[in-house]
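Enquirer: First the structure, then my questions, so here it is.
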Amino acid sequence: MAITIKQAVINVCNNLEPGEKLLGYELYNRTLAELRKSGSNKRPLSDTVLRRFREVRESCDMESHISVSEYKKKEKV
């Protein structure tokens, strides 16, 4: 069963190790791969993927830098 773009972004974020960083294009490419893996033919725009990322950032323990397209899984304390 195909998943939503939002669920694909959540899966990508949850698969990261604490402290691991991704650049914007890597987040986008991994999200597309996650969608394909679930059987989806969706090819969302990168802006759509980043919008979904902003929606789930806090719940996935992610942080981002405004000036750079860099996303990081928060370190566990």
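Enquirer: Quick check on my filter: what residues within the range 46-69 are over 15 Å from A8 (Cα atoms) and exposed (fewer than 15 other Cβ atoms within 10 Å of the Cβ)?
Expert: E58, E63, H65, I66, S67, V68
Enquirer: Those residues that are without any contact (Cβ under 8 Å) to a residue 24 or more places away in the chain, of a type outside the set (G, A, S) and closer than 14 Å to L32 by Cα, I need them from the range 45-69; list them, please.
Expert: Of everything in the range 45-69, those that are without any contact (Cβ under 8 Å) to a residue 24 or more places away in the chain, of a type outside the set (G, A, S) and closer than 14 Å to L32 by Cα turn out to be L45, D47.
Enquirer: How many residues does the range 59-69 hold that are modelled with pLDDT under 95 and either part of a loop (DSSP other than H, G, I, E, B) or touching a helix residue (DSSP H, G or I) at 6+ places or on another chain (Cβ under 8 Å) (or both)?
Expert: Count: 5.
Enquirer: Okay, moving on. Name the single residue, out of those in the range 1-45 being touching a Leu at 6+ places or on another chain (Cβ under 9 Å), in a helix (DSSP H, G or I) and among the small types (G, A, S), that is surrounded by the most Cβ atoms within 10 Å (Cβ to Cβ).
Expert: Step by step, filter the range 1-45, then rank; the result is A8.
The values are calculated or read from the model by the stated rules, or taken from the named source; none is laboratory data. What you see is a predicted model; the values in this text were computed from it and never measured. Ideal geometry is used to build each Cβ from the backbone, glycine not excepted, and the neighbour counts take in all protein chains shown.
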